[in-house]
Amino acid sequence: MSATDWYAHKSLGEGLFWIQEKFFESSNRANIWLLRGSHQDVVIDTGLGLRSLPDYINSKSLLGDDPQRKNPLLAIATHAHFDHSGGLHQFQQVGVHSAEVDALANGDNFETVTWLSDREIVQAPWPGWRARQYRVKAVQPTHILQEGDVINLGDRQLTVLHMPGHSRGSICLHDGDNKMLFSGDVVYDGAMIDWLPTSQVSDYISSCERLVGLVDSEQVDQVMPGHYHTFGAKRLHRIASGYIDKAGTCPARFSTFAWRTLAGLALRASNTRGIC
């Protein structure tokens, strides 16, 4: 299967494209965002990496047809989990938060939570493909991101907001001028996951408090999340404040502990094989 077949995209206007992996039918299917700038272009999250994302972007001329346009294409992972980082190795420029640099550089499929089943891939990317063969390939990040870093695209800037909780290196990218938040898995319109081995509920509560603050200070109008559909500020406030209210309760803490234990055991069992 070619890259052209594997992916699909939708233009959201003003140089923003929403890309998805058509044959990865799962709640784990991550949104891939391509944002064009006057001086630099950015891919935010890269999916599984089973087919070439750069080839798709080029074949669909998503960066335009101007032969003089030679902006560097920077791939940024909002965090290191497999559904967001699997395609990073396809890019020359790769950015991730400093807390997860080692996980990517070492191809650590435990910390990248590499957990894929055959039933999630409804059409194999090549004959004989099986999910048990899948691993996140090691990649050395070229851009080590920290809180407050600004990624200058020329006509727009993205500010790095370190928002741990889902994972230790989770970030959002905030386009303050356009009041747009690329939120990764920090927040999306679904059940928020805080029970993975590197999740931390106390950090997640703090991150959600920060999200509420962004809404209250009118810094966000639109959220481009890591999964599912986009949503607005009111929904962001409701999701984040709802997590804060619920996360500290005793039943929630017990459930998180139980799921973290089970998830850790399962991930260790499934990722004892070598990287391929």
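Summary value for the chain: 15 percent relative contact order, contacts being C-alpha pairs under 8 angstrom separated by 6+ residues. Scanning residues 5 or more positions from Leu12 or on other chains, those with amide H under 5 Å from its amide H are Phe17, Trp18, with H placed 1.01 Å from N in the peptide plane.
Please give the contour-minus-distance gain from Ala191 to Arg119: 0.36 nm per residue of separation, less the Cα-Cα distance, rounded to one decimal in nm. Write down the numbers at each step before the final one.
Details: separation 72, 0.36 × 72 = 25.92 nm, distance 2.13 nm.
Between Ala191 and Arg119, full extension yields 23.8 nm more.
Surface listing: Leu12, Leu236 arranged by accessible area from highest to lowest gives Leu12, Leu236, probe 1.4 Å.
Surface exposure of the chain, expressed per residue as accessible area with a 1.4 Å probe, stands at 44 Å². The residues neighbouring Tyr7, those whose beta-carbon lies less than 12 Å from its own, together hold a net charge of +2 under the Lys/Arg +1, Asp/Glu -1 convention. Between Trp129 and Trp18, the simple spin-label model (points 7 angstrom out along Cα→Cβ) gives 2.3 nm. Residue separation of Asn152 and Ser202 scaled by 0.36 nm, minus their Cα-Cα distance, works out to 14.8 nm of gained length. Residue ranking by accessible heavy-atom surface, 1.4 Å probe, largest first, among Ser38, Ser207 comes out as Ser38, Ser207. Sequence-ordered 3J(HN,Hα) estimates for the range 22-35 from the Karplus curve with 6.51, -1.76 and 1.60 and θ = phi - 60° stand at 4, 9, 9, 9, 6, 5, 7, 5, 8, 6, 10, 10, 10, 10 Hz, glycine and proline given as x.
Run down the aspartates and glutamates and flag those whose C-alpha is under 13 Å from the C-alpha of Lys10, throwing out any fewer than 8 positions away in its chain. Result set, ordered by chain and number: Glu21. Phi-derived couplings, Karplus 6.51 cos²θ - 1.76 cosθ + 1.60 at θ = phi - 60°, listed residue by residue for the range 193-206: 9, 10, 10, 7, x, 9, 6, 8, 4, 4, 5, 5, 4, 4 Hz, with x used for Gly and Pro.
Express the carbon and sulfur contribution to the solvent-accessible surface of the chain as a percent, rounded to the nearest whole number, probe 1.4 angstrom.
Values: 6050 of 12170 Å².
The computed percentage sits at 50.
Determine, for each peptide in 125-133, 20-28, the mean count of other beta carbons within 10 angstrom over its residues, then list the peptides with the highest first.
Per-residue Cβ counts within 10 Å, averaged per peptide and sorted highest first, yield 20-28, 125-133.
Each label was represented as a point 7 Å from its Cα along the Cα-to-Cβ direction; for Ser11 and Gln222 these points are 1.5 nm apart.
The values are calculated or read from the model by the stated rules, or taken from the named source; none is laboratory data. From a predicted model like this one, the values you see are computed outputs, not experimental measurements. Don't worry about glycine lacking a Cβ; one is built from the backbone with ideal geometry, like all the others, and counts go over all protein chains shown. Please note that ligands, DNA and RNA were not included when accessible areas were found on the heavy atoms of the full protein model with its side chains. Shrake-Rupley method; radii C 1.70, N 1.55, O 1.52, S 1.80 Å.
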